Structures are given as structure tokens and as C-alpha cells.
Amino acid sequence: MTSLLPACVLCTRDAALARRIQAYLSSIATVHVSDHPEKLSAPAAQGGEPVILYDLRGTSAMEQLGAIVRVRSDAAIIVLGTAGSEPLFEARSCGVYAVEDVEIEKQQLQDLVSHAFEYARLVEENRRLRDEAAGASALRAAIGAPPARPEAVSLQPARHFPGALRRFSDVRALLENLVEGVAGSAMVSRAGIFCRGRENAGYRLGAGLRCLENTAQLEYRETDPLVQWLTLHGHIVCRAQLEHIKDPTARSLLSRALDQCGAEVLVPLQVRERLLGWLFIGHRTTGLPFGQPELENLALMAEHVSTTLENALLYEEVAIQKTLAETLLHSIPTGIIAVDEKGVVRWFNSVAQTIFNLSADSVLGHDAEAVGSHISGQLRGALADEASGQPEEWSDPRTRRVLSVQTRRLEDEGRCLGAVALVQDLTVERMLEAKQEQLERAAFWTELAAAMSHEVRNPLVAIKTFAQLLPERYQDDDFRSEFSQTVNAEVDRLNGIIDQISRFAHPRALELKPTWISHAIQRGLDIALQSGSFAGVWVDTAIEEDLPPVEGDESALSECVAHLITNAMEALAGRENPKIVLAAREFRDGEMPQGISLSVQDNGPGIRPDIRSKVFSPFCTTKARGLGLGLPIVKRTVVDHGGRIQIECSGQGTCVTVLLPSNPRKERHETHTDRGRRSRKP
């Protein structure tokens, strides 16, 4: 099957460059690779591909380039070489179409080759016109006809454009070159171009040659009649042919537009039914009017200028986006290291330079190992599609920084383009965490010492008091009996304090299995009632039937419920009509069940606002006795079960809610606890 894309030839011995150029141009051209420059400089090669890309880095490449230019004068030759090198500088004077850095970017190369094809087409068109004109002259001479005017084929639009189209990174400079090329080709003393800027505001003078003083002040909006007429009709306007326009309003409009610019011809510049602008051209230097052949050549020239202008505006937009992207990548507080498919570093932003204490010049263009073995290993793994994609934290022994590195493989339709590493410097964060941990540890021991001294002092005072009285009252049987009971009770109290701290510091491992929440609630209620006297407190239960089980440890959950009930009962001390409500229900997100909600609500005074945010911290308590470890143990148990806990306070008391994920795979439980059952516990 024959390709519909135009063909060009790339002369190079660099296989990597050949693959890159072929990939860059795959959408616009068929690239034939030749590693023998002498084939292109042979006379038999004439009439081949109209565009040649020539790698100037080979041995004797400059001498062979001269031979190719002499033989292939009809071709657009694009020379690729090392930026700033002497051979590349010398190549500019050889009459080639363009000279570029071998590391040229994809969009720029595509635009350059597209214009080279257009240039070659115009050269071929002019050659054909010259051949036709020569044939017509010979025919008229044979039949005795008068010779044609020499000006009829004098316009050569392509002759003045190659230099202007080699680069269009600067749209302003390109427009000036285009105007000079138009003036030279049309042999006129005045020329200019009106076009739209990137912001698509209005049509203003982009560049001009010997323009009238007021021309630069003109501006045409989309709604201007001239713009609408040129958009609708899209053909050349010549002063000498205005009488052929039947509409007197349009004729007056166009005549006024020509007068404002001091022009004889207006040439619309249109691409895909969109008006980019227009050329205006003054009197010919010969003084002769524009004839049909000249207008046809101007139309051909306008087509070429339109394509060039559109590509230039597109290139400017891409360049601006690229600048913004580069600025963004340099500004974000993350080190970015990108390599191509061969592991060569192509991007090393400023943050990465700071993190690794390396300059961009020492890394860009080198293998990934230039950054370090650890980073290069991760990038190589990403290229081989072996990266986990998860951040990995490690310490760089060279810079003593704590880093988090995450790598990704870059792909385009399954083809590997390279890999990127995102590096976060966690050094300061880890130092702050260590400092915070030290402060929290110091605060923990301070609070522990204060709580222990408070809790231990009371039993010791009682024991010491009885011990001091024992010698005097040893013969008193009642005293000895009271002494024995008091000392045993206080020792048990000390043991309880030690056991509580031990359980908090060394919690037992959870044994998770399907657990019915109603069992844990009943067992926790029994534990709380056995631990103290709560006469007069009403306890209501509201447990939904058919609740699913939770994956949990029944003993730990029962202890959790006991702590919550005990706190609620202690908060109700001295209150009138003290009441606690235990509720359990299934909570949902829309139609989907999420888990079990267990709540303990009292009608006590609530939690003071100044300690509300600290209730889950160890040793936070408002009671005269106790270490304040109950709620911290509750929170840790809930978190270990994959749940969460929340506290709500109001004028009617406090409600502590525990949310636990359910186990939907197990059969639901038929509870025997009546909904809304009220019981008064003595």
C-alpha cells in the first residue's frame, strides 16, 4: 500500500537519532534513512526526495554537505548538528534551507519540515511556471506573435521566503521577514500585514515596510465590515478591478480600506475558513499595474504566508505553554527527575538540584547513575515496569537527607517513553516529628509522675498513719482488725494502679472473630455495675434486632463499654433523675450498610469546653481519683477494630458514639434484648 505522506531522507549514522526523527515525523512524513552521504551527492540522486535532513556530526561531513548542496539545489536541506559548534556555524553560509540543533524538539521539527515541504512545492511550482512561460515564448516566436510582458512571470514568491521561515519562535521577527519577502517578490515599495495576536483581540498591523503614518493606529474587530467582507468573499481585492464589484457599499468600503493603507492590493490570509489577517501591497516599483498573472502569484504567495502564520501562532502558543509548564515544574516543592527510554536524564528541576546538591549541567544528558545509585535503580526499575508506584522513604548518605521517592513509568499507547521520579525532602519534617515525639514523651512522663504521685500518696498516707499508731494500739483488737483491712485495701488499690498502667502500656493482642455487639454491651454493663455502687441510675437499652456481627474481640469491646458506662455513671453523681441510654443500631450510607453504631448517652453536666479536645489523651481527668486512662484505652480499642469514636456535648448531657464496621458475610443475630427495655440497676 502506497503511503499518502510526503517522503524525506535522513542522512545519519546515528541509529538513536534516526529512531527519534522517525518517531517525531511519523505523522507528517515518511522518513528514509541513509548512512551514505555520497549517494545524495551523486548526480543520479537528483529528482529524489525534496527534503533532506543531514547529520553534520560525522567525519568529513562538511565537505560532503557542499557536494550535496551543489547537486541537490532543488531540495530543501535541513542541517542538524551540535549547538554552538564550528561546523554548524559554517553550514549557515552554504545556502541550505535551515540549520538546527540536533536536539531539536518535536513540535519545532515538525513545523520546520512542514515548511520545507511547502518551500519545495513552491520551488517546483515556480520551475513549472518558468518552463510554461519559456514554452509559450517559443511558440509565439514560431508563429510570429508578439512577446509576452516580461513582468507576467516576474513574481517568484518562494525566492525570498526560505530565510524567513527557518525559524518562527519570534512571531514579530517572522512577520517582518514575511513582509520583506513579499515586497521583494512582488517588487513593491510598500507592504504590510494585518493579523490577530495570540489573545485574539483585533486585527492590527503586525509588520510593515514604508507604511503610512496612520496605518499602525488602525484596528479592526471581528464585527468590522471589512473583516466580515474578507471573511465572506476571501478573494484578492485590487484597486484596478474595484469596478467589477457591483455593490456600491462594498466598493466604497474596500476603496476606503485601500486608501487608509496606501495600498493597491489586499490579499486575505485564510486557513480552514478562518481569517488570520490580510496582506496589503502598494504600487509596483516598475509603475505598471497588477495584471492577472501577478495577482495569481500573489494568491499563491498568500497561501504560503497563511500556513506559515498559522504555524507561527501555534508555535508561539506551544512555546508559552511550555514556558508555563517549565516554570511550574521548577516552582513546585517536589524534586522531579525524568529520564528517556534509555535512562538518560532529560529533566532535573531546581528542587532536585537542591535536594541532591547537583547542578543541572552535571546531570542532564547523562545516565541516571549521575544522580546516585539508589535513584537510578528505582528509575531503571520503572523503565522495566517493575516499580510498585508507592512512595519509598530512605536516607541519602551523601547529603544526610531523609527522602521520599515515588517513580512512574511514562507510556504512550503502550510504548515506553521514559520514567519520572518524584522526590520529597522529608528532613525537616522528620526532625520536627522527632522533636514533637521528644516533647510528647517528656510530657507523658511528667503527667505520669504527677498522676502517680497523686494516686499513690493517698494509700501510702493511710498505711503510714496506721503503721505509726500500731505500736501504741497494738493491744487493741478492733484497731488491729481495722489496720489489717485498711492496709490490704490500700495495697490492692496500689496494685490496681500498677495493673492499669501496665494494661495501657502493654495491651494484650486482640483475638478478632465474629462478635455480637449485644453480648459485649451486656457484659460491659455487668463489669461496670460490679466496679462500684450506682444506686438510683436508670439504664435504658435500645438495641436493634437482627444486627450483623462485627469482627472483634468480645473481651476488649466489653471493657470498652464498661469504661464508657463507668464514666457516664460517675458524671451523674449528685444529679437528679440520673439516666443512661445504651443504644446499638445499624448505620447505612444510602442503601448500603456500613456497620454498627454503639452509643452511650447520659443526662449529666457534659464535658467542660477547656478539656473537650484532651479527653482522649492519657492522664486527662477531672475526678479526684483516677489516672484518666479509660477513654484513651477506649479509643485505642476502637481504632484497633477499624472503627472510630466521637463525642457530642449539649446542655442535656454527653453522648459517646462508637462506629464499628460490620461483617456482612456472617448470619445476622437474633437478639433477645427487647427494644426500649428500661431497667433500674441498684
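The values are calculated or read from the model by the stated rules, or taken from the named source; none is laboratory data. These numbers come from a predicted model, not from an experiment. Cβ: placed from backbone, ideal geometry, glycine included. Neighbour counts: every protein chain shown.
Of all residues in the stretch 84-113 being of a type in the set (Ser, Thr, Tyr) and either more than 41 Å from the chain's Cα centre (by Cα) or surrounded by 19 or more Cβ atoms within 10 Å (Cβ to Cβ) (or both), which is nearest to LEU25 (Cα to Cα)?
Of all residues in the stretch 84-113, those of a type in the set (Ser, Thr, Tyr) come to 85, 93, 97.
From what's left, either more than 41 Å from the chain's Cα centre (by Cα) or surrounded by 19 or more Cβ atoms within 10 Å (Cβ to Cβ) (or both): 93, 97.
Values: SER93: 26, TYR97: 18 Å.
That would be TYR97.
With the requirement that a residue be out of contact with any Pro (no Cβ under 7 Å at 6 or more places or on another chain), in contact (Cβ under 8 Å) with a residue 24 or more places away in the chain and not charged (D, E, K, R), what does the stretch 90-111 give you? So that I can check it myself, show each step before the final result.
Looking only at the stretch 90-111, we keep the residues that are out of contact with any Pro (no Cβ under 7 Å at 6 or more places or on another chain), and these are 90-96, 98-111.
From what's left, in contact (Cβ under 8 Å) with a residue 24 or more places away in the chain: 90-91, 94-96, 98-99, 102, 104, 106-111.
Correct list: ALA91, CYS94, GLY95, VAL96, ALA98, VAL99, VAL102, ILE104, GLN107, GLN108, LEU109, GLN110.
Quick test for you: out of GLY262, GLY287, GLY277, pick the one residue that is at positive phi, at pLDDT 90 or above and surrounded by fewer than 21 Cβ atoms within 10 Å (Cβ to Cβ).
Working: GLY287 fails: at pLDDT 90 or above; GLY277 fails: surrounded by fewer than 21 Cβ atoms within 10 Å (Cβ to Cβ).
Testing whether each residue is at positive phi, at pLDDT 90 or above and surrounded by fewer than 21 Cβ atoms within 10 Å (Cβ to Cβ) leaves just GLY262.
Could you check the stretch 257-278 and list, in sequence order, the residues that are of a type outside the set (A, V, I, L, M, F, W, C) and assigned to a helix (DSSP H, G or I)? Quick ask: steps written out before the conclusion?
So in the stretch 257-278, the residues of a type outside the set (A, V, I, L, M, F, W, C) come out as 259-260, 262, 264, 268, 270, 272-274, 277.
Those that are of a type outside the set (A, V, I, L, M, F, W, C) and assigned to a helix (DSSP H, G or I): ASP259, GLN260.
Applying the selection to the stretch 565-586, what residues are crowded, with 21+ Cβ neighbours inside 10 Å and within 16 Å of GLY643 (Cα to Cα)?
Scanning the stretch 565-586 gives a single hit, ALA584.
Would you mind telling me which numbered condition in (1) without any contact (Cβ under 8 Å) to a residue 60 or more places away in the chain; (2) surrounded by 12 or more Cβ atoms within 10 Å (Cβ to Cβ); (3) not aliphatic (A, V, I, L, M) PRO248 fails?
Condition (2) is where PRO248 drops out.
Restrict the check to the stretch 321-332 and report whether at least one residue is assigned by TED's automatic domain parsing to the domain that holds ASP396, among the aliphatic types (A, V, I, L, M) and not in a helix (DSSP H, G or I).
At the first step, the residues of the stretch 321-332 found to be assigned by TED's automatic domain parsing to the domain that holds ASP396 are none.
Scanning the stretch 321-332, I find no residue that is assigned by TED's automatic domain parsing to the domain that holds ASP396, among the aliphatic types (A, V, I, L, M) and not in a helix (DSSP H, G or I), so the answer is no.
Report, by residue number, each residue of the stretch 296-337 that is surrounded by 21 or more Cβ atoms within 10 Å (Cβ to Cβ) and of a type in the set (A, V, I, L, M, F, W, C).
LEU298, MET301, VAL305, LEU309, ALA312, ILE337
Name the single residue that is modelled with the highest pLDDT among those in the stretch 402-443 being among the polar types (S, T, N, Q) and more than 22 Å from ILE332 (Cβ to Cβ). Before the answer, list the steps.
Quick first cut of the stretch 402-443, residues among the polar types (S, T, N, Q) only: 404, 406-407, 424, 427, 436, 438.
Remaining after also requiring more than 22 Å from ILE332 (Cβ to Cβ): 436, 438.
Details: GLN436: 77, GLN438: 73.
The extreme case among them is GLN436.
Going residue by residue through the stretch 289-301, is there one that turns out to be outside the structural domain of LEU122 (by TED's automatic domain parsing), touching a Ser or Thr at 6+ places or on another chain (Cβ under 9 Å) and charged (D, E, K, R)?
Yes: the stretch 289-301 contains one or more residues that are outside the structural domain of LEU122 (by TED's automatic domain parsing), touching a Ser or Thr at 6+ places or on another chain (Cβ under 9 Å) and charged (D, E, K, R).
Just give me the residues in the stretch 364-401 being outside any loop (DSSP other than H, G, I, E, B), among the polar types (S, T, N, Q) and at pLDDT below 85, in sequence order.
Within the stretch 364-401, the subset outside any loop (DSSP other than H, G, I, E, B) is 367-370, 373-383, 392-396, 401.
Now narrow it down to the ones that are among the polar types (S, T, N, Q): 373, 376, 378, 395.
Matches in the stretch 364-401: SER395 only.
From the list ILE355, ILE375, which residue is touching a residue at least 60 places away in the same chain (Cβ under 8 Å) and surrounded by 17 or more Cβ atoms within 10 Å (Cβ to Cβ)? Reasoning before the result, please.
Values: ILE375 fails: touching a residue at least 60 places away in the same chain (Cβ under 8 Å).
The match here is ILE355.
Residue-wise test of (1) among the polar types (S, T, N, Q); (2) outside any strand (DSSP E or B); (3) surrounded by 12 or more Cβ atoms within 10 Å (Cβ to Cβ).
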| site | (1), (2), (3) |
| --- | --- |
| GLY208 | no, no, yes |
| GLN228 | yes, yes, yes |
| ALA240 | no, yes, yes |
| SER255 | yes, yes, yes |
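Given the residues VAL344, VAL351, VAL363, which is the only one that is within 19 Å of GLU105 (Cα to Cα) and under 25 Å from the mean Cα position of the chain (by Cα)? Please lay out each step first, then the result.
Details: VAL351 fails: within 19 Å of GLU105 (Cα to Cα); VAL363 fails: within 19 Å of GLU105 (Cα to Cα).
Exactly one residue qualifies, and that residue is VAL344.
Quick one: which helices (runs of 4 or more DSSP H) lie wholly within the stretch 6-83 and hold at least 2 residues that are buried (at least 19 other Cβ atoms within 10 Å of the Cβ) and modelled with pLDDT of 90 or more?
Details: elements: 15-25, 37-40, 61-71.
Filter on the stretch 6-83 gives 15-25.
Which of the following residues is β-branched (Val, Ile, Thr) and either under 30 Å from SER114 (Cα atoms) or in the same structural domain as VAL267 (by TED's automatic domain parsing) (or both): VAL363, VAL351, VAL318? So that I can check it myself, show each step before the final result.
Details: VAL363 fails: either under 30 Å from SER114 (Cα atoms) or in the same structural domain as VAL267 (by TED's automatic domain parsing) (or both); VAL351 fails: either under 30 Å from SER114 (Cα atoms) or in the same structural domain as VAL267 (by TED's automatic domain parsing) (or both).
Testing whether each residue is β-branched (Val, Ile, Thr) and either under 30 Å from SER114 (Cα atoms) or in the same structural domain as VAL267 (by TED's automatic domain parsing) (or both) leaves just VAL318.
Would you tally the residues in the stretch 358-372 being of a type in the set (A, V, I, L, M), more than 18 Å from SER395 (Cβ to Cβ) and surrounded by 14 or more Cβ atoms within 10 Å (Cβ to Cβ)? Let's see the steps before the verdict.
Quick first cut of the stretch 358-372, residues of a type in the set (A, V, I, L, M) only: 358, 360, 363-364, 368, 370-371.
Checking which are more than 18 Å from SER395 (Cβ to Cβ) leaves us with 360, 363-364, 368, 370.
Adding the requirement that they be surrounded by 14 or more Cβ atoms within 10 Å (Cβ to Cβ) leaves 360, 363, 368, 370.
Residues in the stretch 358-372 being of a type in the set (A, V, I, L, M), more than 18 Å from SER395 (Cβ to Cβ) and surrounded by 14 or more Cβ atoms within 10 Å (Cβ to Cβ): 4 in total.
Go through the stretch 338-352 and give me each residue that's surrounded by 17 or more Cβ atoms within 10 Å (Cβ to Cβ) and assigned to a helix (DSSP H, G or I).
Once the filter is applied, which keeps residues that are surrounded by 17 or more Cβ atoms within 10 Å (Cβ to Cβ) and assigned to a helix (DSSP H, G or I), the stretch 338-352 yields VAL351, ALA352.
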